[in-house]
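Heads up: the structure comes next, in C-alpha cells.
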Amino acid sequence: MDAPTLFLFCGVLLLLVAATVGLRSLLKYTDYGVDPAIIETFRPRIRIWWILFGVLACVFLMGLLATLIFFFFLSLAILREYITLTPKSPADHQTLFFIYLFFTPLQFALVGVNPEWFIHLTGLTPYHVFSMLLPGYVFLVLPGMMAISGDPKRFLERTAKLQLGLIVCVYSLSYAPALLTLDLPNGTPAAEPPPATVLNRNLQETVQETVIATLVGSEEPVEYQPAALPEMVLPETALPEMALPETVLAEEGDSSIPQLLWIFPPVSGKHFQLLFFFVLIVQLSDVFQYLWSRASRRYIVAGRINSTRTWEGVLGSMMATALLGATLWYFTPFPQMWQAGLAAMLVSLMGFLGNMTMSAIKRDRGVGSYGALIPGHGGFLDRIDSLCFAAPVFYHFVWYCAG
C-alpha cells in the first residue's frame, strides 16, 4: 500500500474514531436538547461503517482478485434479498440457477480481466462485452428461459422485476470493482517539447549534408546530390548484438512466466484510492442527506415513498458532497479540482435516486427493509442501494475525464 492510500485510510480511521467517541459523548446529554432519534440512527450506521472499513482494508491489501470476490459475493447477497421480495414461480428456479451460477460470475470475471490479455485473445475490450452482456443479451435470454418453464401466470411482472434486479444488484454494482481496471494517468505532467533546432530537421538530410561537406573539404554544407554520396558500408562489429530484456521475451511467449498471471491486470495504489474515494463519498452523501433533511422538513420529496427525504436535504447533500469531493481531489485521477467536486455531486444525486427507487419497491411489497442481516438497518441492499445506482455513472465520468 503506497503512502497516499495509507494516508487516506488513516484519515478515515481517525474520522470513525472521532464519530464513535462523539456519539458516546452525546448519549450523556440527551436531557439537554440532543435528539435521541439522531443518536439511535447513527449508532448502527457507525457500526456498519467500521465493518465496511475493515473489510475494504483487508481486500485492498490482498489485491484485485480479493476485491472482485468480495463484490461478487456482495452482489449475490443483495440479489437474494431482492428476489425474496419479488413475485416468482417454482418454474423460475431454473432461470435463477443460471443467474447465480453463470451470468453473475461471468459479469464479474469480465470486469476484472486484464484488458490487454482479453484484446489479444478476442480482439475486443472487456468493456465492450461486460457493458452489454446483461442489459443486452441476457435480457433477451431470460424471458425465453422463463417462457420455456411453462408458467404464464404473471409472466410480464416476473420478467420485469427479475431484469430490474439484475441491473441493480449485479450489473450496476459490478462497475465498482471495474474502477480497478481503468487505465488511469500516472499523475506526472507531460514533458515540454524540446525547442526547435537543426536536429529537428529530417535526420537523413542532416547526415547527408554533413558527410558531403566533410568529403569535399568545405566548411559550409553544399547542396545534396545523390550521386556525390559514396556508398558507405558499416563493419559487422559496428553494432554490437543486443540481448532482449526478459519482459520482451515473456511477451513473445516465454514459458517461464505462467500465462495465468496475465489474466489479471496490475493494479496501482491510485486505483484503490479511487474505489475507496467512491465508497466514502457514497456513504457520507447519505449522511448529509439525512442531516439536511432533519434540519429542514418543509419540502418532502415523496412522503408515501420515503418521508425522511426532502428537497432541502437533496440539494444540501449535493453541495456538501461536492465540497468534500473537491477537498479529496488529491486522491483522485481528475486533472482539475472541479471535476472531483462534480463527480461527487453526481454520486450524491444518483445515490438519492437509488434510495428512492429501492424504497418504492419496499413500499410496493409492504415491507420496511430487505432483510435482517444488519441489526438496525435491515439487509445489505438497504445500505448499498445508493452505491449500486451511483457506480455506473461514476465509472463513466472517470473514464471520460481522467481515463
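The values are calculated or read from the model by the stated rules, or taken from the named source; none is laboratory data. All values reported here derive from a predicted model rather than from experimental measurement. Quick reminder, even Gly has a Cβ in these numbers, built from the backbone with ideal geometry, and neighbours come from all protein chains shown.
Is it fair to say GLY354 is of a type outside the set (Asp, Glu), touching a Cys at 6+ places or on another chain (Cβ under 8 Å) and modelled with pLDDT of 90 or more? Answer is yes for this residue. Reported count of residues in the range 319-328, each being crowded, with 22+ Cβ neighbours inside 10 Å and not small (Gly, Ala, Ser), is 1. Of everything in the range 273-300, what is within 29 Å of the chain's Cα centre (by Cα) and either among the aromatic types (Phe, Trp, Tyr) or farther than 27 Å from ALA57 by Cα (or both)? Give them in sequence order. Across the range 273-300, the qualifying residues are PHE276, PHE277, PHE278, PHE288, TYR290, LEU291, TRP292, SER293.
When LEU291, LEU280 are screened for being hydrophobic (A, V, I, L, M, F, W, C) and buried (at least 20 other Cβ atoms within 10 Å of the Cβ), only LEU280 passes.
Among the residues of the range 367-389, are any farther than 25 Å from ILE46 by Cβ, of a type in the set (S, T, N, Q) and surrounded by fewer than 20 Cβ atoms within 10 Å (Cβ to Cβ)? No - not one qualifying residue is present in the range 367-389.
Which one is farthest from PHE272 (Cα to Cα) among residues in the range 310-367 that are touching a residue at least 12 places away in the same chain (Cβ under 8 Å) and β-branched (Val, Ile, Thr)? Only one residue tops the list, namely VAL367.
Taken together, LEU101, LEU121, LEU133, LEU76 contain a single residue that is free of Cβ contacts under 8 Å to residues at least 60 places away in the same chain, more than 28 Å from ARG383 (Cβ to Cβ) and not small (Gly, Ala, Ser), which is LEU121. Taking LEU124 as the residue in question, decide whether it is aliphatic (A, V, I, L, M) and not in a helix (DSSP H, G or I). Yes; evaluated as a whole, the condition is true for this residue.
Any chance the range 148-166 includes a residue that's within 29 Å of PHE276 (Cα to Cα), modelled with pLDDT of 90 or more and crowded, with 18+ Cβ neighbours inside 10 Å? Checking the range 148-166: at least one residue is within 29 Å of PHE276 (Cα to Cα), modelled with pLDDT of 90 or more and crowded, with 18+ Cβ neighbours inside 10 Å. Taking the range 89-112 as the range and being touching a helix residue (DSSP H, G or I) at 6+ places or on another chain (Cβ under 6 Å) and surrounded by fewer than 21 Cβ atoms within 10 Å (Cβ to Cβ) as the test, the residues that pass are PHE103, LEU110.
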